[in-house]
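As structure tokens, the structure follows; a few thoughts come after it.
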Amino acid sequence: KAAKAAAEEAKAVASGDLEVASKELANSKEALETGKTSCMTVASDHEATVTSRSEELAALNKAKEVLKETSGGAVSQSYSFLQMESRTDLKRSEVVTLVKKLAKISHSTALAQLASRIAAVVKFGAAGGADVFEKIRGLITDMIAKLEKEMHEEAGEKAYCDEQMSKTGTKKAELDDDVAKLTTKIDQATAKSAQLTEDVQEIENELAALAKASAEMDKLRMATHADYEMAKADLELGLSGVRKALQVLREYYGGEGTAALVQSDAQFASMMQQQQPAMPEHHSNAGGAGGSIVGMLEVVESDFATNLAKEESEEADAQSVYEKMTEENKITKVSKEKDVEYKTKESKSLAQTIAELSGDRDT
């Protein structure tokens, strides 16, 4: 009979434990599906857990003390009285009711499990003639020990979480500092890249203006050179013609030289009358008029030669200035194109640097 009662008690306790464990497992699975616990949650909930745990331990100690004070030497009388009560009255005993109430208030699975075990002991413990209150005190003592152990474990977990959060806070500060430095570098690189882009645009505008000026200078040089070629041809042709005319006239009026050619017609006629008698009129060259023509042609020859020399000198000067400006423009063009190349290359490098720094900052 005693063995049967013990077996029934063990079965009831096991059934209660199974029911509570099943509920706890279902709750755990649901909690696992809906969210993950973290050190942040543990840290924020730790104080509430400690408070609840302390209240739970206080209630258990109180229940234990009540049992100790009320059972004492009157266990036989109380137990005899309990044996005469119905099973319904036993279920509603003070200890079971107190523990269930506390389990409900604190939402404690452990207390619910304890209440189930106490109810099983109250229900089946008397059948074997054992001390029911001693068993109940044992259950409460075991539960207190278990809760104290869990509290110490949670305290250790809290300490671990605090340590991890401290490390996380330090690491976060370091990362914030790194982000600030990276942001500064990104801003500086972005500003420099923008300045380089502006410089490249300005240089490209200068190159366009230089190309336009060079084209206009080439056009002007071609026009002035064409005018020179035309003027030179006219002056050389005129000068050649004047020199040929002078050669012809000098050969015709050559005789006594240029001085004889400037004598007047009156002097020549008077001389001829004194040396010989009058003779019939005959043709003679106009030496004086010829000398005037020769003189005029010599002036024209000088003017043509002077103008030709002037045209050649101006053309040489213009060509020299043109060649000098062309060379300077070439040098300037090459220099500015190199500037564009280097600045564009640097701008692309900065863009890559900005992308890398941004990636580092984001990670």
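Checking the cross-link pairs K185/K348; K232/K330; K212/K232 against a 25 Å limit on the alpha carbon distance flags K232/K330; K212/K232 as lying beyond it. Residue by residue, segment 324-339 carries 3J(HN,Hα) couplings of 5, 5, 4, 5, 4, 5, 5, 4, 4, 4, 4, 4, 5, 5, 5, 4 Hz when phi is fed to the Karplus relation 6.51 cos²θ - 1.76 cosθ + 1.60 (θ = phi - 60°); x denotes Gly or Pro.
Peptides 145-152, 103-110 ranked from most to least packed by the mean count of surrounding Cβ atoms within 10 Å: 103-110, 145-152. A simple packing score, the average count of other Cβ atoms within 10 Å per residue, orders the peptides 159-169, 113-123 as 113-123, 159-169, with the highest score first. In order along segment 202-211, the Karplus-derived 3J(HN,Hα) couplings, from 6.51 cos²θ - 1.76 cosθ + 1.60 at θ = phi - 60°, round to 5, 5, 5, 5, 5, 5, 5, 5, 5, 5 Hz, and Gly and Pro are given as x. A simple spin-label model places pseudo-atoms 7 Å from Cα toward Cβ; at A208 and A223 they are separated by 2.4 nm.
Here, each number is a calculation from the coordinates, and none is a lab measurement. Please read all numbers here as calculations on a predicted model, not as lab measurements. When we count neighbours, we look across all protein chains shown, and the Cβ atoms used for this are built from the backbone with ideal geometry, even at glycine.
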